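Worksheet: one structure, shown below.
The values are calculated or read from the model by the stated rules, or taken from the named source; none is laboratory data. On a predicted model such as this, the values are computed, not experimentally measured, just so you know. Here the Cβ positions follow ideal geometry from the backbone for every residue, glycine too, while neighbour counts run over all protein chains shown.
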Amino acid sequence: MAGYVYSWAIRPPEPEDPMETHSSDIGELLAQAARLWTQAQGRRLRDLGVLPGQAAALRLLWEQDGRTQAELRRLAGVEQPTMAKTLQRMVRDGLVRREPDPADRRKQRVHLAPRAQELRAALSLAEKDMEATALAGFTGEERERLARLLAALGQGLRADLNEGPLVLLDVVAES
């Protein structure tokens, strides 16, 4: 038997484009775009020592410092354990501090630490750069339309989440 020499590509194959899809499933396209957005955001925030989930909490605290963990969780749209872990890391990293609520000692208020205030401009710049890069191929009108469509989508999904229990009925195809 003759010997064959197999050689693999000298350079690794190009990564598959995660947005290349043959699906018109809006949910899948949104999920892919959200994953890519988070990855792009994480890449920009890494040098600042901030994770994407922390950036969301920081934005909420910049709007109103001293929110409770429950308020942050609700506004960020995440589960309680996720917000608890995020805040633990933020305390550890010197981004926030917790203080007892003067009106209700059972609650703790989350306050921005000086380091978080110092990061505000850099974080804003990183996020503006990411948005400009992601939307570079869009006209101003397309950007506005996309923002309106995404806001309407979010509103519809929030309304669905606020409804009572969802009952799914199995449909059996008759043969």
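Could you tell me which numbered condition Trp62 fails, if it satisfies all but one of (1) under 30 Å from Asp104 (Cα atoms); (2) touching a residue at least 60 places away in the same chain (Cβ under 8 Å)?
Among (1) under 30 Å from Asp104 (Cα atoms); (2) touching a residue at least 60 places away in the same chain (Cβ under 8 Å), Trp62 violates only (2).
Counting just the residues of the range 106-129 that are closer than 18 Å to Pro52 by Cβ and of a type outside the set (A, V, I, L, M, F, W, C), which one comes out surrounded by the most Cβ atoms within 10 Å (Cβ to Cβ)?
If we take residues in the range 106-129 being closer than 18 Å to Pro52 by Cβ and of a type outside the set (A, V, I, L, M, F, W, C), then Glu127 is surrounded by the most Cβ atoms within 10 Å (Cβ to Cβ).
Looking at Leu119, Leu125 in this structure, which one is assigned to a helix (DSSP H, G or I), without any contact (Cβ under 8 Å) to a residue 40 or more places away in the chain and among the hydrophobic types (A, V, I, L, M, F, W, C)? Explain how you work it out, then say what you get.
Working: Leu119 fails: without any contact (Cβ under 8 Å) to a residue 40 or more places away in the chain.
Being assigned to a helix (DSSP H, G or I), without any contact (Cβ under 8 Å) to a residue 40 or more places away in the chain and among the hydrophobic types (A, V, I, L, M, F, W, C) holds for just one of Leu119, Leu125, which is Leu125.
State whether the residues of the range 28-39 include one that is of a type outside the set (S, T, N, Q) and under 18 Å from Arg97 (Cβ atoms). Spell out how you get there, then give the answer.
Filtering the range 28-39 for residues of a type outside the set (S, T, N, Q) gives 28-31, 33-37.
Remaining after also requiring under 18 Å from Arg97 (Cβ atoms): none.
The answer is no; no qualifying residue exists.
Please go through the range 57-75 and pick out each residue that is more than 13 Å from Ala116 (Cβ to Cβ), among the aliphatic types (A, V, I, L, M) and surrounded by 16 or more Cβ atoms within 10 Å (Cβ to Cβ).
Within the range 57-75, Leu72, Leu75 qualify.
What number of residues in the range 57-90 are of a type in the set (Lys, Arg) and either over 20 Å from Arg120 (Cα atoms) or modelled with pLDDT under 95 (or both)? Steps first, please.
Of the range 57-90, the ones of a type in the set (Lys, Arg) are 59, 67, 73-74, 85, 89.
With the extra rule that they be either over 20 Å from Arg120 (Cα atoms) or modelled with pLDDT under 95 (or both), the set shrinks to 73-74, 85.
Qualifying residue count, the range 57-90: 3.
Against the definition (aliphatic (A, V, I, L, M), part of a loop (DSSP other than H, G, I, E, B), on the phi < 0 side of the Ramachandran plot and modelled with pLDDT under 90), how does Val5 come out, yes or no?
On the way: aliphatic (A, V, I, L, M): yes; part of a loop (DSSP other than H, G, I, E, B): yes; on the phi < 0 side of the Ramachandran plot: yes; modelled with pLDDT under 90: yes.
Answer is yes for this residue.
For the structure I just gave you, tell me whether Arg98 is without any contact (Cβ under 8 Å) to a residue 40 or more places away in the chain and within 20 Å of the chain's Cα centre (by Cα).
Against the criterion (without any contact (Cβ under 8 Å) to a residue 40 or more places away in the chain and within 20 Å of the chain's Cα centre (by Cα)), Arg98 does not qualify.
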